[in-house]
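Rule-based calculations on the coordinates, nothing more; no lab input. These figures come from a predicted structure and were not determined experimentally. We place every Cβ from the backbone using ideal geometry, glycine too, and count neighbours over all the protein chains shown.
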Amino acid sequence: MNKEQAKKEIEELRKKLEYYARLYYDEDKPKISDYEYDMMMNKLKSLEKENPEFISSDSLTQKVGGHVKEGFKEVVHEVPLQSLQDIFSFDELKEFDERVRKVAEEENEELKYVVETKIDGLSTALRYENGIFVQGATRGNGQIGEDVTENLKTIKNIPKKLKEPINITVRGEVFIGTKDFEKMNEEREILEKPLFANARNAAAGSLRQLDSKITASRPLDIFIFNIQKFDDNKSNSHYEGLNYLQEIGFNVVPVRIICNNIEEAIEAIKNIGNDREKLSFGIDGAVVKVDNLRLRQILGTTYKVPKWAIAYKYPPERKETKLLDITCQVGRTGAITPLAILEPVKVAGSTISKTTLHNEDFIREKGLMIGDTVVIQKQGDVIPEVVDIKKKKRTGEEKEFTMPDVCPVCGAPVIREEGEAVARCIGIECPAKTLRNIVHFTSKEAMDIDGLGIKIIEQLIEKGLVKNIADIYTLTVEDVSKLKKNGKIFAQNLINSINNSKDNDLYKLISALGIPHVGIKSAKGLTKTYKTIDEISSAKLEKLSALNDIGPITAESIYTFFRQDQTKDLIKRLKKSGVNMTVIKTEEDSKYDDRFNGKIFVVTGSLEDYTRDQVSDIIEKFGGKVSGSVSKKTSYVLAGEEAGSKLTKAQSLGVTIISEKEFNNMIKQEQGE
């Protein structure tokens, strides 16, 4: 490679790494795996080493990737929070040992190592004055971080007061445990929120919230792994220092192994690798540190990394095995996921006998067949996956896999919407979907049953008090009071809320049933034409498709849903419990007519008399529609103060623009006001 080519490749790698680092450090949304990023970084380091004239201070090889998030105060770290040099082989580790040992022998200093787990989280510094926690900050770019003191105070394992009144700054890693992460993502899936890509970014995103209440709601934990500044430190040993930190109240990194030489350190790394499946937290490697603090000072640091520590990253391990079968599991949202049943094989310290195959498209793209010899990869704590197929090893006895057309749990139809990768069970009483269905049914946007949150619902299901939606209306005060200590008042309030929900308007019930593609707007549109649940249940497909607010896909979904035996059974039970099944015509509703029928409104800017929800509700009650974007089909743009680009677009398209006063005149016409 000539100099011009090397320069071009270095520049391209820097741009890519800056982009991926911004997603990882600043936005907590990784786009590639840690291994891919590490390999890219290694390539850049190698090219810069071969071409030192192209090294610049703005290269990520010379600095840490994070920046201070807008909204946080800056904290200048008294002792920089450096990153670590990553290595991927024991030969590189031995080279590190040779450099360190040479200095230790020259200076006549004892050399021992401490091997620790490299926790996959967000690095922070905690400062204490007279034993009181006074400030906490993220690493940021190593020199300047973000003040997240209030957020850190919500983490139970961070002591607010130490057992000794000392002045000390320590460094730790904020993380989310493996089981907590899985549970958190399960709950997000049920609540139809985007899933976190991994535990590290979930922890980082949770800690870097401007609202500490959000941080407090997340299962954050911390392990302390270093003393940054402690003027009264009487020990020369990092290992002893960690033991002292534990004695005075810190939650110290639990896996820390003192080693007399590099051979023992290598053995410790191997043992951690073999046992990492047993850990309750995620790791992305093992750290080797010089124990002797005097020797650390002699060795010193570069701008970016200390010369007395190094991080060993476990390389991805691949193994061949047999794909014995493909079964299907039903998730809590009804998603049907193909599962590979494998001939058990040990990969990266754990025995793998099954793994997800994601969806039907994944199987088709890979060309997977039951009976194939496949290659499984597992890097660190990442879920194992099928990365290759040994098609040359096929015998002719392999079988193609076909996705089921009925749910393997409840027998209801399985549908795959156009444009979606996932097939779903649409059974309203499917046991696999019970939690998700009840959470949606009771939510504010649906039946709005106050007090019936996801954790209470989980308890009701675990105790067998609720098996499906209809069971909510059979609960008693005695049933609910058992869930909490002295829970009589809570139970009575919850039962009152459940009973009140029986009087909701029909559109709330329709929205609560979780019919695919049917939300509040579609439900309201449906009940403009059909005034009872029975009318909707018996509506013809062509009539549903002809409705203004219901498209052909939604119409098909409604038609299919109400013809299932599970739906009929649920409606019957809800009726028996006294849940309202008709449109409730109030005196307030009588003043509304269809004057806006066929009209599309766009609302922009700040209004004086209405919130966005209020004005949208009025437009819809008069038969109109509210859109989020301006087009040639827009009838009116209602423009308030500080109207922006939507107003400009409306002017360019010649769309009628109305003020709030003109809108008030439009809705007051013929109402006698």
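Taking 7 Å along the Cα-to-C-beta vector as the label spot, tell me the residue 55-residue 593 distance in nanometres, rounded to one decimal.
8.1 nm
Just check the range 317-393 against the gyration tensor rule for me: Cα atoms, a ≥ b ≥ c as the square roots of the eigenvalues, rounded for a/c under 1.5, and otherwise prolate or oblate depending on whether a/b exceeds b/c.
Because a/c hits 1.5 or more and a/b fails to exceed b/c, the range 317-393 counts as oblate.
Which entries in 540/572; 444/661; 444/633; 621/661 show an alpha-carbon gap greater than 24 Å?
Violating the 24 Å Cα-Cα cut-off are 444/661; 444/633.
Which loop-located trypsin sites (Lys or Arg not before Pro) does the range 492-555 contain, where loop means any DSSP state but H, G, I, E or B and the Cβ has at most 13 other Cβ atoms within 10 Å?
Details: sites: 502, 508, 521, 524, 528, 531, 540, 543; in loops: 502, 531, 540.
Within the range 492-555, the qualifying trypsin sites (Lys or Arg not before Pro) (loop, at most 13 other Cβ atoms within 10 Å) are 540.
Can you list the residues of the range 130-144 with backbone N under 17 Å from a point 7 Å past the Cα of residue 164, pointing along Cα to Cβ?
Answer for the range 130-144: 130-133.
If I compute Rg and Dmax of the Cα atoms in Å from the structure I just sent, which labelled value in [x] 31.3, 107; [y] 30.2, 117; [z] 30.7, 99 lines up?
For Rg and Dmax of the Cα atoms in Å, the calculated option is [z].
Using the basic label-point model (7 angstrom from Cα toward the beta carbon), what is the residue 416 to residue 240 distance in nanometres?
Placing both labels 7 Å along Cα→Cβ, they lie 6.5 nm apart.
Given 614, 236, 491, which one lies farthest toward the positive end of the charge dipole of the chain, if we put +1 on the Cβ of every Lys and Arg and -1 on the Cβ of every Asp and Glu?
491
If you take the charge dipole of the range 74-312 about its Cα centre, with +1 on Lys and Arg Cβ and -1 on Asp and Glu Cβ, which of 132, 262, 117 is farthest toward its positive end?
Final value for the positive-end residue is 132.
Principal axes first, then extents: for the Cα atoms of the range 612-658, list largest minus smallest coordinate on each axis, whole Å, largest first.
29, 23, 16
What is the calculated FRET efficiency for residue 662 to residue 520, with r their C-beta to C-beta distance and R₀ = 25 Å, to the nearest 0.05?
Once rounded, the FRET efficiency stands at 0.35.
Please state the relative contact order of the chain as a whole percent: Cα pairs under 8 Å, 6+ residues apart?
9 percent.
Report the extension gain between residue 609 and residue 107 in nm, rounded to one decimal, defined as 0.36 nm multiplied by the number of residues separating them, less their alpha carbon distance. Don't jump to the answer; show the numbers that get you there.
Numbers: separation 502, 0.36 × 502 = 180.72 nm, distance 7.79 nm.
Result: 172.9 nm gained on full extension.
Using a cut-off of 18 Å between alpha-carbon atoms, which lysines can reach residue 482, once sequence neighbours fewer than 8 places away in the same chain are excluded?
Straight-distance partners of residue 482: 455, 463, 467.
Pairs to check: 102/229; 585/632; 183/524; 161/234; 508/646. Give those whose C-alpha atoms are more than 24 Å from each other in this structure.
On the way: 102/229 27 Å; 585/632 35 Å; 183/524 34 Å; 161/234 21 Å; 508/646 31 Å.
In this structure, 102/229; 585/632; 183/524; 508/646 lie more than 24 Å apart at Cα.
Once the piece of chain linking residue 569 and residue 98 is laid out straight, how much longer is it, given 0.36 nm per residue of separation minus the C-alpha distance between them?
Contour length minus the Cα-Cα distance gives 162.1 nm.
Please go through the range 199-307 and write out the trypsin sites (Lys or Arg not before Pro) that DSSP classes as loop and that have at most 10 other C-beta atoms within 10 Å.
Within the range 199-307, the qualifying trypsin sites (Lys or Arg not before Pro) (loop, at most 10 other Cβ atoms within 10 Å) are 234.
Residue by residue, what Karplus-based ³J(HN,Hα) values in Hz, rounded to whole numbers, does the range 521-528 have, using 6.51, -1.76 and 1.60 with θ = phi - 60° and x for Gly and Pro?
4, 5, 5, 5, x, 5, 7, 6
Would you please state which residues of the range 214-229 a label at residue 183 would reach in this model, taking the label point 7 Å out along Cα→Cβ and a backbone N cut-off of under 12 Å?
218-220
So, in Å, what gap is there between the alpha-carbon centers of the range 531-588 and the range 605-641?
28 Å
Pull up all non-local amide H partners of residue 378: gap of 5 or more, or a different chain, and H-to-H distance under 5 Å with H placed in the peptide plane.
317
Pairs 15/289; 354/392; 193/213: which are spaced more than 25 Å apart, C-alpha to C-alpha?
Listed pairs above 25 Å: 15/289.
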